[in-house]
Amino acid sequence: MSETPIGGPSLPQERRIVTAIPGPKSQELIARKNASVASGVGVALPVSVVAAGGGVIVDADGNSLIDLGSGIAVTGVGNSAPRVVEAVKAQVEHFTHTCFTVTPYEGYIAVAEKLNELIPGDFEKRSALFNSGAEAVENAVKIARHYTGKNAVVTFDHAYHGRTNLTMAMTAKNLPYKDGFGPFAPEIYRVPASYPFRDGLTGQEAAAQAILQIEKQVGVGNLAAVIIEPIQGEGGFIDPAPGFLPAIQKWANENGVVFILDEVQTGFARTGDLFAANHEGVVADVVTTAKGIAGGLPLSAVTGRAEIMDSAHSGGLGGTYAGNPIATAAALATIETYEAENLTQRAREIGAIITEFFAGIQQDEDRVGDIRGRGALQAIELVESGSKTPNSALTGAVAKYAADQGVLVLTCGTYGNVIRFLPPLSISDELLREALQVVADGIAAN
């Protein structure tokens, strides 16, 4: 290409293959990456991105790929969304940093006010801002322990909560997240989750199983918090059976245990509601958010009951970059975009397209074992024909096929056999359907 294309919605919304993927310019960048970046920092698709927006990513070789990943659910409003771009530009012209815990500024407070308004729960709330999802989760646990004076924390099978030492302990999957990185933080206990495709249990039955294990193996008197993703992300986009989350919440409330929802991947319109908790009216004591909060800028938050959040002593929460003024400006513009463009409804429309499409495929293809998710957070679980045996080989082959054909898809799942769909909410129906057909072709070709 003679010049770098401008990103954002102005990019031509098309799948365009100019070279093999990765092309020569992308290969040059990956060679530089291999020579300079730690090898532990892997990449899913080795292309050199020069622009992105709407539903596409453009690489240095001129290929335009359909984006079904959104930077792992981050660019829900689309890449370089106009309101976000303008807000960031305006903030940069004023100041880029002071550290809120040194000299505060309005943007941080405005984001906290907005989160306190939007997070479910008819009670007084407080928020604290951080940089990443893992940092938010770690601080939520820290606050819950301080509030209760207890140490034990319960997480669930298939959970993913981050890559710090504490959040690695809370994460279930060994490779690539935990292998060789121990020892891990103590007092983390894991109990069964609801996995309808594999356990066949109702929500109430799965909750009873988890609660019994908590009571017998952890002990309510030792327990500070229970933390769960309302839809488990890296574990395989596992949508629990109806009634599971309300039952866990009810038990936690009755036993003085802080109930934490990790909405890092599910929050901000992704599931067809502003927060996934809203689907069953679940109200957590504490909620963690990140990813879709700021249109691609690094920001996360912990929001919860005022008495819990205020229990930490002054100076106990914070961080040098936490609630950076550029990121908070982006967050306010991002939330405005969700609301002004009714992107919760758009997420539901996207979800309906994906579900209907793969339901049709499933009629003739029994290797599509399960179709699940909510809104624009959808997945298919691939299995061996005639069984529920995980088919990770097929999953990897389909992702490779899609990439070669100009469609970016992400895989996940404890067993490595799930393809997840996280398109930007700015993607068109036509582009989405084209990408789904490529995935279907990949299944048929393998």
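The values are calculated or read from the model by the stated rules, or taken from the named source; none is laboratory data. Just so we're clear, the structure is a prediction, and the values are computed from it rather than from any experiment. Virtual Cβ from ideal backbone geometry, glycine too; neighbours counted across all protein chains shown.
Take the range 28-74 and flag every residue that is of a type in the set (S, T, N, Q), buried (at least 16 other Cβ atoms within 10 Å of the Cβ) and not in a loop (DSSP other than H, G, I, E, B).
Ser64, Ser70, listed by residue number.
Can you find a residue in the range 417-427 that is surrounded by fewer than 19 Cβ atoms within 10 Å (Cβ to Cβ) and either in contact with a strand residue (DSSP E or B) (Cβ under 8 Å, 6 or more places away or on another chain) or at pLDDT 95 or above (or both)?
So far as the range 417-427 goes, no, none of its residues is surrounded by fewer than 19 Cβ atoms within 10 Å (Cβ to Cβ) and either in contact with a strand residue (DSSP E or B) (Cβ under 8 Å, 6 or more places away or on another chain) or at pLDDT 95 or above (or both).
Considering only the range 343-356, state which residues are buried (at least 20 other Cβ atoms within 10 Å of the Cβ) and of a type in the set (S, T, N, Q).
Across the range 343-356, the qualifying residue is only Thr344.
Of all residues in the range 403-414 being in contact with a helix residue (DSSP H, G or I) (Cβ under 9 Å, 6 or more places away or on another chain) and part of a loop (DSSP other than H, G, I, E, B), which is surrounded by the most Cβ atoms within 10 Å (Cβ to Cβ)?
Val409
Table: residues versus (1) farther than 23 Å from Asn79 by Cβ; (2) part of a strand (DSSP E or B); (3) not assigned by TED's automatic domain parsing to the domain that holds Pro22.
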| residue | (1), (2), (3) |
| --- | --- |
| Arg372 | yes, yes, no |
| Ile380 | yes, yes, no |
| Ser387 | yes, no, no |
| Val398 | yes, no, no |
| Tyr401 | yes, no, no |
| Gly416 | yes, no, no |
| Pro424 | no, no, no |
| Ile427 | no, no, no |
| Arg433 | no, no, no |
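Looking only at the range 357-365, decide whether some residue is closer than 17 Å to Gly267 by Cα, in contact with a helix residue (DSSP H, G or I) (Cβ under 7 Å, 6 or more places away or on another chain), of a type in the set (Asp, Glu) and surrounded by fewer than 17 Cβ atoms within 10 Å (Cβ to Cβ).
Checked the range 357-365: no residue is closer than 17 Å to Gly267 by Cα, in contact with a helix residue (DSSP H, G or I) (Cβ under 7 Å, 6 or more places away or on another chain), of a type in the set (Asp, Glu) and surrounded by fewer than 17 Cβ atoms within 10 Å (Cβ to Cβ).
Looking at Arg198, Arg190, which is the one that is under 30 Å from Leu410 (Cα atoms), more than 22 Å from the chain's Cα centre (by Cα) and basic (Lys, Arg)?
Going through Arg198, Arg190 in turn, the sole match is Arg198.
If you go through the range 62-79 one residue at a time, do you hit one that is among the hydrophobic types (A, V, I, L, M, F, W, C), closer than 14 Å to Ala330 by Cα, at pLDDT 95 or above and within 22 Å of the chain's Cα centre (by Cα)?
Yes; the residues of the range 62-79 include at least one that is among the hydrophobic types (A, V, I, L, M, F, W, C), closer than 14 Å to Ala330 by Cα, at pLDDT 95 or above and within 22 Å of the chain's Cα centre (by Cα).
Gln204: surrounded by fewer than 24 Cβ atoms within 10 Å (Cβ to Cβ) and without any contact (Cβ under 8 Å) to a residue 24 or more places away in the chain, yes or no?
Considered against the rule, which asks whether it is surrounded by fewer than 24 Cβ atoms within 10 Å (Cβ to Cβ) and without any contact (Cβ under 8 Å) to a residue 24 or more places away in the chain, Gln204 comes out as no.
Scan the range 87-125 residue by residue and report those that are among the aromatic types (Phe, Trp, Tyr), within 21 Å of Gly319 (Cβ to Cβ) and surrounded by fewer than 17 Cβ atoms within 10 Å (Cβ to Cβ).
Once the filter is applied, which keeps residues that are among the aromatic types (Phe, Trp, Tyr), within 21 Å of Gly319 (Cβ to Cβ) and surrounded by fewer than 17 Cβ atoms within 10 Å (Cβ to Cβ), the range 87-125 yields only Phe95.
Restricting attention to the range 106-124, does a residue exist that is farther than 30 Å from Tyr189 by Cβ, modelled with pLDDT of 95 or more, of a type in the set (Ser, Thr, Tyr) and not assigned by TED's automatic domain parsing to the domain that holds Arg198? It would help to see each step written out before you state the result.
The first filter runs over the range 106-124 and keeps only residues farther than 30 Å from Tyr189 by Cβ, leaving 106-114, 116-118, 122, 124.
Adding the requirement that they be modelled with pLDDT of 95 or more leaves 106-114, 116-118, 122, 124.
Checking the rest, the ones that are also of a type in the set (Ser, Thr, Tyr) come to 108.
In the following step, the residues that additionally are not assigned by TED's automatic domain parsing to the domain that holds Arg198 were identified as none.
Scanning the range 106-124, I find no residue that is farther than 30 Å from Tyr189 by Cβ, modelled with pLDDT of 95 or more, of a type in the set (Ser, Thr, Tyr) and not assigned by TED's automatic domain parsing to the domain that holds Arg198, so the answer is no.
Restricting to strands (runs of 3 or more DSSP E) lying wholly in the range 258-337: which have 1 or more residues that are surrounded by fewer than 24 Cβ atoms within 10 Å (Cβ to Cβ) and among the charged types (D, E, K, R)? Lay out the reasoning, then the answer.
Numbers: elements: 258-262, 286-289, 300-305.
Per the criteria, 300-305.
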